[in-house]
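Undergrad: Below: one structure in structure tokens.
Taken together, the values in this text are just the output of simple stated rules run on the coordinates, not laboratory data. In this text, all values refer to a predicted model and were calculated from it rather than measured experimentally. As a convention, Cβ positions derive from the backbone with ideal geometry for all residues, glycine included, and neighbour counts pool all protein chains shown.
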Amino acid sequence: MIKQTAFVAAAAMLLLAGCSQGATPAENTQSTKSNFKLPDTCKDHYLLAAMPAPADLGGKSLTAVECQPFSVEMVWGEEMSPTKIILVDSQGPNGDLPAGLADMGRKLPMDASRTAITMTKGVQEAALAYPASMAELGGEDYLSIVKEAGGGLVYALPVEPKDAGGEVGALIGIVKDRYSLTIGIEDGNIIGITAGEAAYAPWLSALRLSALQ
């Protein structure tokens, strides 16, 4: 299950990159809120109010911010172990993008998020209902979860069964049934849902989703 969830998340990220107006790296990898300069494409972007402030977070420096008319991506950390947050408005504007390309860029992440949440919820419910299913996963610490959080967020956090390594995948969410959210921590070695929730907690807490309409 986690492999397919990771695939839909990756597909969403790839499409966003493909129709991007270009990523702009931070001018200072030791950035703080006071000296980080957003790229021109992000000036006055309406989704930035819901994203973490442009500052160091989770022990990582903000290294890049990328904006499209309907999405924002922020990256912390170096190339080999980044944390990425992508927020996409499924009803956002086209901007200068062709209508068809913009529609794909908005729709695919939302479809991926719905699929991930539905799949993960099915696994969670089956494991909770049938002890044998929980045992096959390796116990409760290897149970993928679906949860609700502040600001109208529903998210899935998948984890592999213990026998497969127990690695935690990307957090995939939907906000107010309109916005798709992806948070990916590429540090590796996040094993078990307890460690996964702890790893993602700072990034979830830094979001300001109540700003979204």
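Undergrad: For the stretch 155-213, with equal point scatterers placed on the C-alpha atoms only and solvent neglected, what are the log10 I(q)/I(0) values from the Debye formula at q = 0.15, 0.18, 0.20 1/Å, to two decimals?
TA: Results for the stretch 155-213 at q = 0.15, 0.18, 0.20 Å⁻¹ read -0.47, -0.64, -0.75.
Undergrad: Can you work out ³J(HN,Hα) from phi for every residue in the stretch 123-132, in order, using Karplus 6.51 cos²θ - 1.76 cosθ + 1.60 and θ = phi - 60°, giving whole Hz and x for Gly and Pro?
TA: Values, residue by residue: 5, 4, 5, 5, 5, 6, 7, 10, x, 4 Hz.
Undergrad: Once you've got the Cα coordinates, tell me which of Lys43/Lys84; Lys60/Lys162; Lys37/Lys147; Lys60/Lys176 are over 27 Å apart. The partial results should precede the final answer.
TA: Details: Lys43/Lys84 20 Å; Lys60/Lys162 29 Å; Lys37/Lys147 34 Å; Lys60/Lys176 29 Å.
The pairs that break the limit, which is 27 Å between Cα atoms, are Lys60/Lys162; Lys37/Lys147; Lys60/Lys176.
Undergrad: Moving on to the next point. Compute the length gained on full extension between Lys43 and Asp163: take 0.36 nm times their separation in residues and subtract their Cα-Cα distance, giving the result in nm to one decimal.
TA: Values: separation 120, 0.36 × 120 = 43.20 nm, distance 4.69 nm.
Stretched fully, the Lys43-Asp163 segment lengthens by 38.5 nm.
Undergrad: Sticking with this structure for a sec: Each residue of the stretch 53-66 in turn: what ³J(HN,Hα) in whole Hz from Karplus with 6.51, -1.76, 1.60 and θ = phi - 60°, glycine and Pro shown as x?
TA: These are the phi-based 3J(HN,Hα) values: 4, x, 7, 4, 7, x, x, 10, 8, 5, 10, 7, 9, 9 Hz.
Undergrad: Another question, if that's okay. Bins of 5 Å, beginning at zero and ending with the bin holding the largest distance: percent of Cα pairs per bin for the stretch 113-209, please.
TA: Reading the bins upward from 0: 3, 14, 25, 24, 19, 10, 5, 1.
Undergrad: To the nearest 0.05, what FRET efficiency results for Tyr130 and Asp177 with a Förster distance of 35 Å applied to their C-beta separation? Mind dumping the intermediate values first?
TA: Details: r = 30 Å, r/R0 = 0.86.
Once the sixth-power term is evaluated, E becomes 0.70.
Undergrad: Which three numbers, in whole Å and largest first, are the semi-axes of the equivalent ellipsoid of the stretch 50-169 derived from its Cα gyration tensor as √(5λ)?
TA: Result for the stretch 50-169: semi-axes of 32, 20, 12 Å.
Undergrad: May I pose another question? If you bin the C-alpha pair distances of the stretch 94-153 every 10 Å from 0, what whole percents do you get?
TA: Cα pair-distance distribution for the stretch 94-153, in percent: 20, 31, 25, 15, 9, 1.
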